[in-house]
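Q: The structure's right below; bear with me while I get my questions together.
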Amino acid sequence: MSIPQSEPRLCVVVLAGGDSAEREVSLRSGAAVAEALKAAAHEIRLVDPGECALDSVDWGNVDACFIALHGGAGEDGRIQQQLQHFGVPYTGSGPQACRLAMSKSAAKEQFVACGVPTPPFVKIEPSEAPAEVAARVEQLGYPLIIKPDGEGSSIGLSLVERPAGLASALAAARGQQSEIACIAEAFFRGREFTVAVLDEQALPIIEIVSPERVFSYDAKYASVQTQYLFDFELTDDVRRQIAGAAVAAAQALGTAGLARVDVMLDDEGRIGVLEVNTIPGLTARSLAPQAALRAGMDMTALCDLLVRRCLAASEVS
């Protein structure tokens, strides 16, 4: 998809970096976005909120802000709130949708309320005694997944095969932050898919085939064995169900712009939505840009479209 030459050239600030555990991925996303927007003939300014306070940025001549931050303040709604205060249009979802999606337990509660299928879970508060935690997660059965309530990119995720591994998995999920909440989720055996959702339209589905039993951080960003497939055996009806569940999950949280939804399918045809990512990766290995390309939009067209849609949305509001 080419960029219409009649469209005006814009001044766009690309936010990338930050101080979350996903900083390095964000820097790569930001660099890719900046390159794409330059190719669309826009004026680009790269800003790293981890090194520069947003209230020190001169927003006077900025048309829009492209948020390429992953995790932390960039994905939990705080950056979005700041940009609204400055009166700067920005790409992606608003503060409320970001807050919901960033908290896996809050998102799953919203899924349940809206009838979106999702694996059973238990939220684990840091103040809970080990015996209490063990008793509550027992109802999920083993194996189960332990992960931080508010991290992305599978950071801190563990597959726990038996009760003896629960304490170490919780410690790994919390890392140096002993006061954060975690969730335990029933392990969903089956095939894993990811669906990029552009506003309310599902882009081509990608099946993730990994040698690991769970799709870990290393499998996402380092493993050469992980495969991302557009061509796979699945009936049209099941494809529609997966795409429909992804769109319904995004709608349940109220996302806007580009989001990515992770969906499981078991051998009996049951679907389970794992989570929604409101700022999916935009690196060379990232899945949302690959889905957009399959739909006919290269990275330049995708980034330009996201900026122009955020401008149109700001005019309406």
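Bear in mind that the values in this text are calculations on the coordinates, not laboratory data. The structure displayed is predicted, hence computed values, not measured ones. Positions of Cβ are backbone-derived with ideal geometry, glycine not excepted, and every protein chain shown enters the neighbour counts.
Q: GNM on the chain, C-alpha springs below 10 Å: top fluctuator among Ala249, Ala73, Ala259?
A: Between Ala249, Ala73, Ala259, it is Ala73 that shows the largest mean-square fluctuation.
Q: Give me the net charge for the shell around Glu109: Cβ to Cβ below 15 angstrom, other residues only, Lys and Arg +1, Asp and Glu -1.
A: Cβ neighbours under 15 Å give a net charge of 0.
Q: At most 15 other Cβ atoms within 10 Å and a DSSP loop assignment: could you name the GluC sites (Glu not before Pro) in the range 228-317 that fit?
A: Of the GluC sites (Glu not before Pro), the ones in loops of the range 228-317 whose Cβ has at most 15 other Cβ atoms within 10 Å are Glu233, Glu268.
Q: How charged is the neighbourhood of Val122? Take every other residue with its Cβ under 14 Å from the Cβ of Val122, and add Lys/Arg as +1 and Asp/Glu as -1.
A: -2
Q: Computed FRET efficiency, Cβ-Cβ of Phe230 and Cys52, R0 35 Å: what is it to the nearest 0.05?
A: 0.35
Q: With θ set to phi - 60°, apply the Karplus curve 6.51 cos²θ - 1.76 cosθ + 1.60 along the range 64-70 and write out the HN-Hα couplings as whole Hz, x wherever there is a Gly or Pro.
A: Computed from phi, the couplings for the range 64-70 are 7, 10, 9, 8, 10, 8, 10 Hz.
Q: Could you give each residue of the range 234-241 its phi-based ³J(HN,Hα) in whole Hz, using Karplus coefficients 6.51, -1.76, 1.60 with θ = phi - 60°, and x for Gly or Pro?
A: Whole-Hz 3J(HN,Hα) from phi for the range 234-241: 6, 5, 4, 5, 5, 4, 5, 5.
Q: Let me ask something else about it. Could you list Arg294, Arg28, Arg9 in order of exposure, starting from the residue whose Cβ has the fewest other Cβ atoms within 10 Å?
A: Ascending Cβ contact count within 10 Å gives the list Arg9, Arg294, Arg28.
Q: Quick one: give the max-minus-min coordinate of the C-alpha atoms of the chain along each principal axis, largest first, in Å.
A: The Cα atoms of the chain stretch 60, 46, 37 Å along their principal axes.
Q: Can you run phi through the Karplus equation (6.51, -1.76, 1.60; θ = phi - 60°) for the range 38-50 and list ³J(HN,Hα) in whole Hz, with x for Gly and Pro?
A: These are the phi-based 3J(HN,Hα) values: 5, 5, 8, 6, 8, 8, 10, 10, 8, 10, 9, x, x Hz.
Q: Within 10 Å of each residue's Cβ, count the other Cβ atoms and sort His42, His85, His70 from fewest upward.
A: His85, His42, His70
Q: Here's something else I'd like to know. Within 10 Å of each residue's Cβ, count the other Cβ atoms and sort Phe188, Phe232 from fewest upward.
A: Fewest-to-most Cβ neighbours within 10 Å comes out as Phe232, Phe188.
Q: Springs between alpha-carbon atoms under 10 Å, Gaussian network over the chain: tell me which of Ala101, Ala252, Ala196 tops the mean-square fluctuations.
A: Among Ala101, Ala252, Ala196, the largest GNM mean-square fluctuation belongs to Ala252.
Q: As a test of the formula, what do you get for the chain when each DSSP H run with n ≥ 4 contributes -39,500 (n - 2.57) and the sum is divided by the residue count, at 222 nm and rounded to the nearest 500 deg cm²/dmol?
A: Dividing the helical sum by the residues of the chain leaves -11000 deg cm²/dmol.
Q: Between Glu128 and Glu161, what's the calculated FRET efficiency when r is the beta-carbon distance and R0 is 22 Å? Round to 0.05.
A: The formula returns an efficiency of 0.55 here.
Q: Related question: For the chain, what is the number of Lys pairs with C-alpha distance below 13 angstrom, counting only pairs 8 or more positions apart or on separate chains?
A: Lysine pairs satisfying the spacing and distance rule in the chain number 4.
Q: Considering the dipole of the chain built from charges on the beta carbon (Lys and Arg +1, Asp and Glu -1) around the Cα centre, which of Pro280, Phe188, Tyr228 is farthest to its positive end?
A: Sorting the options by dipole projection puts first Tyr228.
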